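Undergrad: This is the structure I have questions about; it appears just below.
The values are calculated or read from the model by the stated rules, or taken from the named source; none is laboratory data. Since this is a predicted model, take the numbers as computed values, not measurements. Please note: Cβ atoms are built from the backbone with ideal geometry, for glycine as well, and neighbour counts cover all protein chains shown. These area figures cover heavy atoms from the full protein model, side chains too; ligands, DNA and RNA do not enter into them. Shrake-Rupley method; radii C 1.70, N 1.55, O 1.52, S 1.80 Å.
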There are 2 protein chains.
Amino acid sequence: MVLGAAESAVLAFDVGGTDLKAGLVDASGNILGLRRVATPRDPLRAGEAILDAVEALASEFAAEFPGHPAKAACLVVPGIVDSDIGVGIYSANLGWRNFPFGEKASQRLGLPVAFGHDVSAAAEAEFRFGAPRDFRNIVVMVVGTGIAAAVISDGYPVRAGGFAAELGHALVPDPDSDSSGHTILEAVGSAGAIARRYSAKAGIPLAGAREVLERAKDGDTLAARIWADAVDALAFSLSQCVSIVGTEAVVVGGGLAEAGEGLLQPLRSRLDELLDFQRRPVIMRAQLGQDAGLLGAAMRARALLPAAKAASGTQARS
Amino acid sequence: MVLGAAESAVLAFDVGGTDLKAGLVDASGNILGLRRVATPRDPLRAGEAILDAVEALASEFAAEFPGHPAKAACLVVPGIVDSDIGVGIYSANLGWRNFPFGEKASQRLGLPVAFGHDVSAAAEAEFRFGAPRDFRNIVVMVVGTGIAAAVISDGYPVRAGGFAAELGHALVPDPDSDSSGHTILEAVGSAGAIARRYSAKAGIPLAGAREVLERAKDGDTLAARIWADAVDALAFSLSQCVSIVGTEAVVVGGGLAEAGEGLLQPLRSRLDELLDFQRRPVIMRAQLGQDAGLLGAAMRARALLPAAKAASGTQARS
């Protein structure tokens, strides 16, 4: 996998809710070193704690690969992110507000540092190397405990200062409402919601959405309904994407995508019912797996290098 | 109003459902000649009939303004449009399918001709010269008999081959449904739908949405409910835009916008109720009026000229 034409290595950091992945990636896109540590959590210095870990990992790579000095880096994080100004605006889960990751990481590492959103970076990697290579209008949806997404329009990621692609909080019809009430997608369509709604209605605590799908296959009508509610909600939100940004391809990742065609097939047919004259988007499973965010971050780091800047037209415009 | 730095005049044609407007626009953005003719309708040669009128109007301008020869032109039309390839894909109202307007107009006029969507062109003119100058993420919504829209993300119009911004066909909760049913925005939120729904429920034929608003102000509870349903539906679709593309500003044009704050104020407050942590977009009335489409077409025509191409970074990427 070739990530760029420049000759230097870059550092990529993908900060998740559970772990922080770091990679040293050479000019051919080979991940020379890959490390995974528990994401540091410090309520009093949430952002600085992340950067302590980033700095330590960078030092370890420098010691281990002295022949591959990093020339640039990229850090991607969850939450609301303004990649244009390098600021992590808000992470409910990890606890920072308006933390200038880009500038501070650059000071600590002594390198140019790109900064962005984890799912956006994963989406860009999927867009560039993964399944939907033939399309320029893509939605990547990561469905797990929550729902994160990225929107690529006319070949470029839509950023809107970090406020785009907040699909998890988009409105959907509320299946528990008698009238035409609504709730948010994450409350019905996420893996977390599927397990939670079944447990609440059945009075049986379940480990996860996978169990609900298993029960549905075994003829449990409540499980089948909860699963169908999730599919309906996901399809409803995708229909909005089709109408607003003309989505041609949908890439589904995250824990719920492990259901494979058990999720994708009903999703396709429900979306088909909801749409009118609009194009039906191709719906496929994410291809790059757990390292997509890291690969996307490496792409962004490489885009900071002079050779890549001169050669490439694939980076974001901003 | 300065439309560009080039020194030549351009031709702009805005094809509407009722009339076809044509303008000869000089390098300073002055409309030297403005003509309006009934939109030609010919079921057997829908696209060619439009071009007959375009060619005739161009000849009239050439005769009337011999000192201002046009160096480029742009034609904008309603329906589904692929501006990248110059094709009018579909217009239910005017009757063409897959008609190569761009290529044929260029042959007839002997000029480079840009081709695009009428509302997109109006939106670009509003973006460049009208109200929302401070924003880069804008939705322009033209609410009349139907609903047309344009989406500008990160400063660029989202095209998706003509399939973006089909807000009129986006799903909204159906106010006439007992359960959590849905319908499309145009069926509840358009001026046409407001008049139609009131007439159907009250058994009184009304001329238009304006009368429904008047009745609501006079204490007619059915009229107030129909108006509120429309506001709810418009706010619901705008909430989807906010969640999907991070909309910062909404520009409302078309007949319904003539209600002014009678529409915009409840729309703001309903959207505020629907949103959670997201940014509240500024909601304002379109500023450029009836000529916005023509001005947008003139901008696109001017962008074809070599001087404009060299100087400008405001055109679409594609």
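Undergrad: Report Rg (one decimal) and Dmax (nearest whole number) for region B:133-286, counting Cα atoms only, units Å.
TA: 15.1, 47
Undergrad: By the gyration tensor of its Cα atoms, with a ≥ b ≥ c the square roots of the eigenvalues, what is the shape of region A:1-135: rounded for a/c under 1.5, prolate for a/b over b/c, or oblate?
TA: Details: a/c = 1.77, a/b = 1.20, b/c = 1.47.
Oblate shape, in that a/c is at least 1.5 and b/c is the bigger or equal ratio.
Undergrad: Treating the beta-carbon of each Lys and Arg as +1 and of each Asp and Glu as -1, no other charges, what is the dipole magnitude of chain A about its Cα centre, to the nearest 20 debye?
TA: Values: 29 positive and 36 negative charges, 85 e Å.
Computed charge dipole of chain A: roughly 420 debye.
Undergrad: Show me you know the interface measure: the accessible area buried between B and A, both chains summed, probe 1.4 Å, in Å² to the nearest 100. Could you put the intermediate results ahead of the total?
TA: Details: alone 14100 and 14120 Å², together 24750 Å².
Roughly 3500 Å² of accessible surface disappears when B and A pair.
Undergrad: Enter the accessible area per residue of the protein assembly as shown (Å², integer; probe 1.4 Å; all protein chains in place). Spell out each step's value before the answer.
TA: Numbers: 24750 Å² over 636 residues.
On a per-residue basis, 39 Å².
Undergrad: At 7 angstrom along the Cα-to-beta-carbon line, where would the label on A:Gly67 sit relative to the other copies? Give the distances in nm, shortest first.
TA: 7.5
Undergrad: Right, next: Which cross-chain or sequence-distant (5 or more) residues have an amide H under 5 Å from the amide H of B:Arg285, H modelled 1.01 Å from N in plane?
TA: Those qualifying (amide H under 5 Å, at least 5 residues apart or on another chain) are B:Val252.
Undergrad: Given charges of +1 on the Cβ of Lys and Arg and -1 on the Cβ of Asp and Glu, with all other atoms neutral, how large is the dipole of the protein assembly as shown about its Cα centre, in debye to the nearest 20? Provide the component values of the computation, followed by the final result.
TA: On the way: 58 positive and 72 negative charges, 171 e Å.
Dipole of the protein assembly as shown, to the nearest 20 debye: 820 debye.
Undergrad: Right, something else. Classify region A:243-294: rounded, prolate or oblate, from the alpha-carbon gyration tensor (a ≥ b ≥ c, eigenvalue square roots; a/c under 1.5 rounded; otherwise prolate if a/b is larger than b/c)? Write out the running numbers ahead of the final one.
TA: Values: a/c = 3.37, a/b = 1.60, b/c = 2.10.
The shape class here is oblate.
Undergrad: Roughly how many Å² of B:Ile204 are accessible to a 1.4 Å probe, to the nearest 10?
TA: 60 Å²
Undergrad: Sticking with this structure for a sec: For region B:187-229, just list the percent of Cα-Cα distances falling in each 10 Å bin from zero outward, please.
TA: Final binned percentages: 37, 61, 2.
Undergrad: Indicate the helices, whole DSSP H runs only, in chain A that combine a mean Kyte-Doolittle hydropathy of 1.0 or more with a Cα extent along their long axis of 18 angstrom or more. Please list the in-between numbers first.
TA: On the way: long enough: A:46-64 (28 Å, 0.68); A:221-245 (35 Å, 1.20); A:261-274 (19 Å, -0.49).
Correct list, ordered by number: A:221-245.
Undergrad: From the label point of A:Asn98, set 7 Å along Cα to the beta carbon, how far off in nm is each other copy's matching point, shortest first?
TA: 5.5
Undergrad: Could you list the trypsin sites (Lys or Arg not before Pro) in region B:98-190 that lie in coil according to DSSP, counting only those with at most 12 other Cβ atoms within 10 Å of their Cβ? Provide the component values of the computation, followed by the final result.
TA: Working: sites: B:Lys104, B:Arg108, B:Arg128, B:Arg133, B:Arg136, B:Arg159; in loops: B:Arg133, B:Arg136, B:Arg159.
The qualifying sites are B:Arg133.
Undergrad: Along the charge dipole of region B:126-257, which of B:Ala257, B:Ala224, B:Ala202 sits closest to the positive end, that is, farthest toward it, with unit charges on the beta carbon of Lys, Arg, Asp and Glu (+1, +1, -1, -1)?
TA: Going by the charge dipole, the pick is B:Ala257.
Undergrad: Here's a follow-up. With the alpha-carbon atoms as the only input, what is the per residue convex hull volume for chain B in Å³?
TA: Working: hull volume 43.2 nm³, N = 318.
Looking at chain B, the number lands at 136 Å³ per residue.
Undergrad: Could you check how much of the accessible area of chain A is carbon and sulfur, as a whole percent, using a 1.4 Å probe? Walk me through the intermediate numbers first.
TA: Numbers: 6260 of 12390 Å².
That fraction is 51 percent.
Undergrad: I'd like the Kirkwood hydrodynamic radius of region A:210-290, using the inverse of the mean 1/r over distinct C-alpha pairs, in Å.
TA: Numbers: mean 1/r = 0.0755 Å⁻¹.
One decimal place: 13.2 Å for the Kirkwood radius.
Undergrad: Viscosity 1.002 mPa s, temperature 20 °C: give me the Stokes-Einstein translational D for region A:9-53 in µm²/s, with Rh taken as the Kirkwood radius over C-alpha pairs. Each step should come with its number before you reach the end.
TA: Numbers: Rh = 11.2 Å.
Approximately 191 µm²/s, per Stokes-Einstein.
Undergrad: Just to confirm the numbers: A:Ala228, label point 7 angstrom along the Cα-Cβ line, distances to the other copies in nm, shortest first?
TA: Ordered by increasing distance: 3.2 nm.
Undergrad: What residues of region A:138-158 lose no less than 50 Å² of accessible area with every protein chain in place versus their chain by itself (probe 1.4 Å, heavy atoms only)?
TA: A:Asp154
Undergrad: A further question on this structure: For a test of the definition: using alpha carbon positions, the gyration tensor, and the 1.5 limit on a/c, classify the protein assembly as shown as rounded, prolate or oblate. Before the final figure, lay out each step's value.
TA: Details: a/c = 2.09, a/b = 1.30, b/c = 1.62.
Oblate, since a/c reaches 1.5 and b/c is not below a/b.
Undergrad: Moving to a separate point now. Please give every one of the lysines within straight-line cross-link reach of B:Lys71, meaning a C-alpha to C-alpha distance under 16 Å, and leave out same-chain neighbours fewer than 8 residues apart.
TA: Straight-distance partners of B:Lys71: B:Lys309.
Undergrad: Roughly how many debye, to the nearest 20, is the charge dipole of region A:131-286 about its Cα centre, given +1 on each Lys and Arg Cβ, -1 on each Asp and Glu Cβ, and no other charges? Can you show the working numbers first?
TA: On the way: 15 positive and 19 negative charges, 65 e Å.
So the magnitude is around 320 debye.
Undergrad: Let me ask something else about it. Quick check on chain B: helices-only [θ] at 222 nm, where DSSP H runs of length 4 and up contribute -39,500 (n - 2.57) each and the sum goes over total residues. Nearest 500, please. All intermediate terms of the calculation are to be shown ahead of the outcome.
TA: Details: 10 runs with 121 residues, N = 318.
Calculated at 222 nm, the ellipticity per residue is -12000 deg cm²/dmol.
Undergrad: Then there's this: With 21 Å as the cut-off, how large is the P(r) tail for region A:126-223, expressed as percent of Cα-Cα pairs?
TA: Details: 2304 of 4753 pairs.
Counting pairs separated by more than 21 Å, the tail of P(r) holds 48 percent.
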